[in-house]
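Below: the structure, in structure tokens.
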Amino acid sequence: MSGRAYGANSGQGGMSPKGETTPVHLRPATPDPVDKKVICKAVCVCSREPDTGASGQSLKQQCVSRNLRDLDRSMGWKSPYKSEVNYDMTQIPPSPIMRSASPLEPHPYLPGWIQKYWPGGKDAYPAGAGAVRRPDVVIVKDGSLPPTQDNIKSVVEIKFPPQERDREQEDDYARIAGSPDKVATMGPGDCDCSDDDANESPLRAVSEALSELGRSLRQLLNRGPVTSPGMGGLPLPPPPIVVP
């Protein structure tokens, strides 16, 4: 999913870290097994029990995004799985739009940010021109740092049938990540949902997947130095969140 895109005129604001944007040549990519397991947990439970819109429509993508965002919030915005961060595509490399008072937290109101930082405000930037992109999931190396290009491990777009891949969108995500090799598209077909617990909430499922990863990492650490797969410099995940 991509957020509303605005005109591509130059603007100020946001964060402009050092990084490189490489030429984009799209090729298939998949998250590593650890990241795939966490994302698949959210995909499976939201396929089974999606959010519901005002008119009764099934909102599966929104369910995934909401639960990953809730998990990130519960971890003090230090989860490695960032949900729907808006990126200012007028910057090189594209810059995440975060709260100035809390640089690990995505800015909650994009129109207000545009009105403040882009000359002319949102009226000067027509929707659909591609100046802002919002990937479904950005996986970072270190959850204690903002999701800038140098901290991005991969960008994942979630597609539920009958949605199809959007090549232009993926090209933009490669600009955000710095390489097409770091962009993946996932859906229910990429996950084994056969053992999904029908009584498990999405937030609990993803939280417990992270906690299981933490236990595995602690076992490895007890054997000697190791680089935490899929987590970069992030502290080990906390115990599962208690969900009523």
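The values are calculated or read from the model by the stated rules, or taken from the named source; none is laboratory data. Not measured: the values here are computed from a predicted model. Cβ placement follows ideal geometry from the backbone for every residue including glycine, while neighbour counts extend to all protein chains displayed.
Output yes when any residue across the range 192-203 is over 26 Å from VAL132 (Cβ atoms), of a type in the set (S, T, N, Q), in contact with a Leu (Cβ under 7 Å, 6 or more places away or on another chain) and at pLDDT 60 or above, and no when none is. No, there is no match, as no residue in the range 192-203 is over 26 Å from VAL132 (Cβ atoms), of a type in the set (S, T, N, Q), in contact with a Leu (Cβ under 7 Å, 6 or more places away or on another chain) and at pLDDT 60 or above. Specify the residue that is surrounded by the fewest Cβ atoms within 10 Å (Cβ to Cβ); the eligible residues are those in the range 39-79 that are closer than 12 Å to PHE160 by Cα and of a type in the set (Gly, Ala, Ser). Going through the qualifying residues, I end up with SER58.
Looking across the range 100-122 at every residue that is of a type outside the set (Ser, Thr, Tyr), out of contact with any Pro (no Cβ under 7 Å at 6 or more places or on another chain) and within 22 Å of VAL64 (Cβ to Cβ), the one that is modelled with the lowest pLDDT is identified as LEU110.
Scanning the range 150-185 for residues that are within 12 Å of the chain's Cα centre (by Cα) and not β-branched (Val, Ile, Thr) yields LYS153, SER154, GLU157, TYR173, ALA177, ALA184.
Taking the condition within 21 Å of ASP72 (Cα to Cα) and either modelled with pLDDT of 95 or more or surrounded by fewer than 20 Cβ atoms within 10 Å (Cβ to Cβ) (or both), does GLU208 pass? So GLU208 fits the description; yes.
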